[in-house]
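*Asks:* The structure is given below, and queries will be raised subsequently.
The values are calculated or read from the model by the stated rules, or taken from the named source; none is laboratory data. Note that the structure is a prediction, hence the values are computed from the model and not measured. Positions of Cβ are generated from backbone atoms using ideal geometry, with glycine treated the same way; all protein chains shown enter the neighbour counts. Accessible surface areas use protein heavy atoms only, side chains included; no ligands, DNA or RNA. Shrake-Rupley method; radii C 1.70, N 1.55, O 1.52, S 1.80 Å.
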Amino acid sequence: MAIRELKVCLLGDTGVGKSSIVCRFVQDHFDHNISPTIGASFMTKTVPCGNELHKFLIWDTAGQERFHSLAPMYYRGSAAAVIVYDITKQDSFHTLKKWVKELKEHGPENIVMAIAGNKCDLSDIREVSIKDAKEYAESIGAIVVETSAKNAINVEELFQGISKYFLPSLYYLYLELFFKLQ
């Protein structure tokens, strides 16, 4: 089975749950006392997708403003970016829009963007509506998923959504089959 490596970076404000999403996806673990990321951290996970394996090379960037200038080093060459906001903090949604603007201006040309509204387990204190997130995601052609790293809600689905963008098209599968039969 072929392995496709997909570099993915996570961007967003500090405290929105980027590291928690990565830990939940890679290790199926949630740490209530996770420390803020310094610079960036790196993890990998390989998952089946169609007739191939997708090896996610995940760069989890620090959200503090003082590390913002390092972000291009991590999103350069990325196949996808997950921009995370906290559904209980409107400001984090505004910051997300700044990250999208930066990616469009300086990021890879065909980068797949996914928006993750994290902490959906706290929907009773929500500040960002699902409707607003979906409308914004649609306007920029991004995947949008509400997640809870704490309760393991939609984290796998977030990465599955990214994987679907990289499935070989039926045309290429047809050509591959055709030439194997020759």
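*Asks:* Of the residues in region 45-64, how many are of a type in the set (A, V, I, L, M), modelled with pLDDT of 85 or more and buried (at least 18 other Cβ atoms within 10 Å of the Cβ)?
*Replies:* 1
*Asks:* Among (1) over 17 Å from the mean Cα position of the chain (by Cα); (2) of a type in the set (D, E); (3) modelled with pLDDT under 95, which single condition is D121 missing?
*Replies:* Condition not satisfied by D121: (3).
*Asks:* Given the conditions (1) open to solvent by 60 Å² or more (accessible area, probe 1.4 Å); (2) closer than 23 Å to S129 by Cβ; (3) modelled with pLDDT under 95, report the number of the one that I38 does not fulfil.
*Replies:* With (1) open to solvent by 60 Å² or more (accessible area, probe 1.4 Å); (2) closer than 23 Å to S129 by Cβ; (3) modelled with pLDDT under 95 applied to I38, the lone miss is (2).
*Asks:* Just the residues that are farther than 19 Å from V8 by Cβ and in contact (Cβ under 8 Å) with a residue 60 or more places away in the chain, please, taken from region 118-150.
*Replies:* K119, K150
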